[in-house]
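Some notes on the structure that comes next.
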Amino acid sequence: MDVSGGSGQPRSGNDEPAEPRAHPTAPAADPTGSAERGPGETSGQTPAAPDEPGRAAPTGKPDPDTGGEGDTDARPKPPSDSRRAPDPSVPTEPSDTSEPSAPQGPAEPREPAAGPRHAAHHAGTDAPRHRTEAHTDGTGGPGRPPQRRPEPGGGLLMGRPFGVPVYVAPSWFLVAVLITWVFGGQLDRVLPELGAARYLVSLFFAIAFYASVLVHELAHTVAALRFKLPVRRIQLQFFGGVSEIEKEAETPGREFVLAFVGPLLSLVLSGVFYAALLPVEPDSVPGVLLAGLMVSNLIVAAFNLLPGLPLDGGRMLRAVVWKLTGKPMSGTIAAAWVGRALAIAVLIGLPLLTQSLGSDAADDVGMDTVMDALLAAILAAIIWTGAGNSLRMARLREHLPELRARALTRRAVPVQADTPLSEALRRANASGARALVVVDADGTPASLVREAAIVGVPEHRRPWVPVSTLAQDLTDGMRVSAELSGEELLDALRANPATEYLVVEETGEIYGVLSAADVERAFVKAMARPS
C-alpha cells in the first residue's frame, strides 16, 4: 500500500478535523464518506443527489449548470442570489460577493499504502513475519505527487531463482562471523591438527548452512508460485531466511501445504547429509561438516514445526483450525496465542534445557549460561512479536473488503478547460459535488483538478484562473474501475501513485473521483474497529 492526504490542512468545506495518522505504513480514509460521494455527471444531466452513490453517471457534454470541485459537504448548496459568479466571457474586478466562499482542499495526499505482505515464511531460527508495505513509497509532499514505490531491496542481490530476487541482508555477515568463530572452536577440539585452517572450514560450513536455509525458503516460494501467489523476495538474514509471499492462501489446504513444504525439505536435506555421512570417516573434515549440516537442518525443521505463529508449524495449526471452524480468523487467533505461549516456554525452557544437557560442574555456569539466556530472550521476543503481527495482519485482511471504490468515490462534475475556477466552484456547491473533471468538447475526460492546487489560489484570483491550469492530465493508471475493492483497489492505487483517480463504470462512463486521502482515512478507521 500507501499514501495519504492527512497533511493536517482542512479539506474543502469540511468542518471535520483531519484524522490523525494511526500507523506510518497504513493508508487511511473515512468510510463514512459514502454520504459525500456520487457518480460523475456529464452532458445535460442533473447531478445525482449525494445519497445516490450507486447511480451511474451519464456521459456527454458538460452542462454549464452542473457542479464541480470545491465543497466537501455532499449536500447540495445552491448559491444565494447575492453571490453570483462573474460571467467568464466578461471578466470584472472581483469583490467579496462575486463568488461563493470557496472551500479549501488539503495538501497533496500521499499514495495509499499497499495491502499486507502475506505468509512470510522463515527458516533457521528466525521467526517469519507478516509485513505491511513499509513507507518506502516516496511522498511528494504538499504540491507534488508521490513518487513510485522503489523495487524491493534488502541487501546484496544474489540472483533470481524462479524469477524471485534473493537478497543477503547485512546482518548475515555478522552471523557468518559468529558461526565461523563458534564452529571453529568446536573443530579445534575435534581436529586440532587443522590449526588456523579450521576457520576456513568453519566459514564454508556457515555458507553451506545458509544455502540449506535458502533451499528451505525456495520450497515455500515454489509452492506459492504453484498456487499463483506472488512472491516479493527472499531474504537471508541474521536468524535465518524469509520468503515474502504477498497474498493469502485461498484455502486451508493450500495454507497447510505452503507452510509444511519448508520444514519437509529441511528434513529431506538432513536425511541426505546423513546418507552422505555414512561412508565418510567421522573424524575427518568432510565427516565433521556433513554431521554439522545434518544436525543443523534437523534443528531448522524441528524449530519451524513448533505449533505457534509465526513459525511454519503455527501456520499449519492455523490451517487446521481454519478447516475445522471454516473461519480463517479463528485459526489465526488460536495459532497466535499458542505462539505467545511458545515464546514464554522458549524464554524459560531453553536455558534450563541447555544447562541440563551440559556439564553439572558449578564452574561451568558462567558465560555459556548468559549466552543461552540471551539467545532464549531474542528467540522469545521474535516469536511473541511475530504472533502479534500475525493477529494484526489477520484483522487487516478481515477489514480490507470494506474498502470499495464505489463507496469511497466523490461526486464529480465536468467542466470545460477554460472555465474559471470561481465558476467551477459555484457549480460544485450548487450540485453538492466534491471533484472536478476537465472534459473536452465531446465530454471525454481529459484531466482532474487537483484538490491541493485550489488551496494555492487566492479567492480574488479565482475568476481569472482557468481550471485547466490546476489540472493533472489523466493517464491509464489514473482510471480505476468502480468495481474494485479491498486488496485489488490498494494494488491499483499503489501501482500508479496519484492524489486523485477517475473512477469509471465498466461501460466507460464517469462514476466520480476517488481521493487517495479518502482511502487512507477509511483504512485507518476500519483497522481501528475491533474484529
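The values are calculated or read from the model by the stated rules, or taken from the named source; none is laboratory data. Model, not experiment: these values are computed from the prediction. Using ideal geometry, Cβ is built from the backbone for each residue, glycine included, and neighbour counts are taken over all protein chains shown. Remember, those area values only see protein heavy atoms, side chains included, never the ligands or the DNA or RNA. Shrake-Rupley method; radii C 1.70, N 1.55, O 1.52, S 1.80 Å.
Here are the numbers for the structure shown:
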| read-out | value |
| --- | --- |
| Scan of the stretch 442-495 for residues that are basic (Lys, Arg), modelled with pLDDT of 90 or more and closer than 30 Å to Glu402 by Cβ, ordered by number | Arg479 |
| Any chance Thr332 is β-branched (Val, Ile, Thr) and open to solvent by less than 10 Å² (accessible area, probe 1.4 Å) | yes |
| Check on Ala345, more than 24 Å from Tyr210 (Cα to Cα), under 38 Å from the mean Cα position of the chain (by Cα) and surrounded by fewer than 17 Cβ atoms within 10 Å (Cβ to Cβ) | yes |
| Some residue of the stretch 381-388 being modelled with pLDDT of 85 or more and not in a helix (DSSP H, G or I) | no |
| Given (1) of a type outside the set (Phe, Trp, Tyr); (2) within 29 Å of the chain's Cα centre (by Cα); (3) open to solvent by less than 10 Å² (accessible area, probe 1.4 Å); (4) more than 30 Å from Ala528 (Cα to Cα), number of the condition Ala453 does not satisfy | (3) |
| Pairs with Cβ under 8 Å, 6+ apart, first in the stretch 287-315 and under 29 Å from Leu203 (Cβ atoms) and part of a helix (DSSP H, G or I), second of a type in the set (Asp, Glu) and open to solvent by 20 Å² or more (accessible area, probe 1.4 Å) | Gly287/Glu281 |
| Residues of the stretch 142-186 satisfying the condition of being among the basic types (Lys, Arg) and at pLDDT 85 or above | Arg160 |
| Of all residues making up the stretch 420-433, the number that are touching a helix residue (DSSP H, G or I) at 6+ places or on another chain (Cβ under 6 Å) and open to solvent by less than 10 Å² (accessible area, probe 1.4 Å) | 3 |
| Matching residues, the stretch 292-315, being over 24 Å from Pro252 (Cβ atoms) and touching a helix residue (DSSP H, G or I) at 6+ places or on another chain (Cβ under 6 Å) | Gly292, Leu293, Met294, Ser296, Asn297, Leu298, Val300 |
| Residue in the stretch 464-480 that is open to solvent by 20 Å² or more (accessible area, probe 1.4 Å) and closer than 30 Å to Ala334 by Cα present | no |
| Flag if Gly292 is at pLDDT below 95 and over 30 Å from Pro282 (Cβ atoms) | no |
